[in-house]
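Heads up: the structure comes next, in structure tokens.
The values are calculated or read from the model by the stated rules, or taken from the named source; none is laboratory data. Just so we're clear, the structure is a prediction, and the values are computed from it rather than from any experiment. Please note: Cβ atoms are built from the backbone with ideal geometry, for glycine as well, and neighbour counts cover all protein chains shown.
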Amino acid sequence: MNALPTPPSSLSPIAPSQYNADLHCHSVVSDGTLTPEALAARAHANGVELWALTDHDEIGGQHRAAAAAKALGLPYLTGVEISVSFLHKTIHIVGLGFDPDDAILLQGLRQTRGGRDQRARDMAEGLAQVGIHGAFEGALKYAGNPDLIARSHFARFLVENKICKDTNEVFRKYLTDGKPGFVPHRWATLKDAVRWITGAGGVAVIAHPARYQFSANEEYALLTEFKGHGGQGMEVVTGSHTVAESVQYADIAREFDLAASRGSDFHCPNESRIDLGKLPFLSGNLTPVWDLLQHRIQ
Ligand code: AMP
Ligand code: MN
Ligand code: MN
Ligand code: MN
């Protein structure tokens with residue numbers, strides 16, 4: 001009998017890309033607890049080689065982040081994470097490498113932030129109905145930027161008042177769909193979010209896709225519509241994914257010909273599961289999103 005043929009190269013182990021890019025995190029400009037400068041220092045100390053600050057619906061921290069990164073010799077990409085309503089769920093689209101002074105992007109983000117204040121008041125009312133009083137004022141104390149009052153700020157208030165032991169428990173019991181503090185909200189459309197980013201010269205990336213728990217058909221709709229509008233990337237390795245989910249979404253990124261991104265989604269030293277720059281590497285058989293953004297690195 002003949003010797004067994006050598007396996008095709010696609011079955012041999014694939015060396016990961018060893019590049020420590022971390023392209024997703026939050027500062028006090030949205031719902032993180034560190035300043036852009038402190039994040040830059042932490043990313044640098046943790047060995048990050050390419051960094052982006054991606055505050056929710058706000059790019060007011062971009063000039064500070066870029067300046068702090070530059071002072072440390074840390075390559076930087078501009079970033080944002082836009083809240084989008086899609087198929088009755090909230091999803092997040094990360095933008096990377098855009099012009100932070102683009103007027104249409106700035107106006108779109110301003111419009112997206114509008115409504116957070118009323119939503120927060122409605123959330124506080126829902127919480128008051130189950131006996132938790134003063135949540136609006138309590139959450140506001142944690143929001144460096146009152147325009148960006150987020151569920152994370154409510155979570156910190158409930159933990160501080162010992163109503164829950166950690167933010168995870170708050171989300172599970174109070175702040176997710178069907179729970180007393182949850183208020184459905186209309187965010188940006190997928191089309192607008194992708195166009196604001198690409199119109200400003202950036203690349204649009206689907207954030208933490210495993211979080212949405214879409215059916216296969218819904219996910220297909222998201223990926224095809226996203227690409228149709230000009231979206232080019234998807235987070236594969238993120239603080240929100242298990243290792244199995246990263247493997248699954250690596251396959252999906254290849255199947256849909258999307259570039260792969262890597263980001264911790266770091267918010268706070270004692271809340272976040274994964275620190276800046278401490279993620280597993282991207283698999284070597286993916287196109288890293290930074291390959292599309294070389295000309296935008298500062
Ligand atoms: P919002 O934009 O106000 O709806 O708040 C969403 C933010 O809440 C996210 O950006 C995360 O920072 C945080 N978050 C969402 N789900 C969870 C969860 N299960 N546990 C902890 N934080 C969460
Ligand atoms: Mn957040
Ligand atoms: Mn997110
Ligand atoms: Mn995030």
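Would region 129-139 turn up any residue that is closer than 24 Å to residue 204 by Cα and either crowded, with 16+ Cβ neighbours inside 10 Å or among the aliphatic types (A, V, I, L, M) (or both)? Scanning region 129-139, I find no residue that is closer than 24 Å to residue 204 by Cα and either crowded, with 16+ Cβ neighbours inside 10 Å or among the aliphatic types (A, V, I, L, M) (or both), so the answer is no. Looking at 263, 277, 230, just one residue is touching a residue at least 40 places away in the same chain (Cβ under 8 Å) and surrounded by fewer than 24 Cβ atoms within 10 Å (Cβ to Cβ), and that residue is 277. Looking only at residues in region 199-211 that are surrounded by fewer than 18 Cβ atoms within 10 Å (Cβ to Cβ) and in a helix (DSSP H, G or I), the one that is farthest from ligand 2 (Cβ to nearest atom) is 199. Only one entry in 52, 67 is surrounded by fewer than 24 Cβ atoms within 10 Å (Cβ to Cβ), out of contact with any Lys or Arg (no Cβ under 9 Å at 6 or more places or on another chain) and either charged (D, E, K, R) or modelled with pLDDT of 95 or more (or both), namely 67. Residues that are within 16 Å of ligand 1 (Cβ to nearest atom), closer than 13 Å to residue 97 by Cα, of a type in the set (Ser, Thr, Tyr) and part of a loop (DSSP other than H, G, I, E, B): does region 72-79 have at least one? No, region 72-79 contains no residue that is within 16 Å of ligand 1 (Cβ to nearest atom), closer than 13 Å to residue 97 by Cα, of a type in the set (Ser, Thr, Tyr) and part of a loop (DSSP other than H, G, I, E, B). Yes or no: residue 105 crowded, with 20+ Cβ neighbours inside 10 Å and closer than 25 Å to residue 211 by Cβ? Spelling it out, residue 105 is indeed crowded, with 20+ Cβ neighbours inside 10 Å and closer than 25 Å to residue 211 by Cβ. Of everything in region 18-47 that is hydrophobic (A, V, I, L, M, F, W, C) and in a strand (DSSP E or B), the residue that is nearest to ligand 1 (Cβ to nearest atom) is 25. Scanning region 233-260 for residues that are of a type in the set (Asp, Glu) and under 24 Å from residue 199 (Cβ atoms), we see that the one that is surrounded by the most Cβ atoms within 10 Å (Cβ to Cβ) is 235.
With respect to residue 150, is the statement that it is touching a helix residue (DSSP H, G or I) at 6+ places or on another chain (Cβ under 9 Å) and more than 15 Å from ligand 4 (Cβ to nearest atom) true? It is false that residue 150 is touching a helix residue (DSSP H, G or I) at 6+ places or on another chain (Cβ under 9 Å) and more than 15 Å from ligand 4 (Cβ to nearest atom). Against the conditions (1) within 15 Å of the chain's Cα centre (by Cα); (2) without any contact (Cβ under 8 Å) to a residue 60 or more places away in the chain, residue 207 satisfies every one except (2).
Only one of the numbered conditions (1) farther than 25 Å from residue 215 by Cβ; (2) away from ligand 4 (no atom under 16 Å from the Cβ); (3) out of contact with any Lys or Arg (no Cβ under 8 Å at 6 or more places or on another chain); (4) modelled with pLDDT of 95 or more is not met by residue 288, and that is (3).
Pick from region 80-139 the residues that are within 16 Å of ligand 4 (Cβ to nearest atom), part of a helix (DSSP H, G or I) and of a type in the set (D, E, K, R): which of them is nearest to the chain's Cα centre (by Cα)? Taking the candidates together, the pick is 113.
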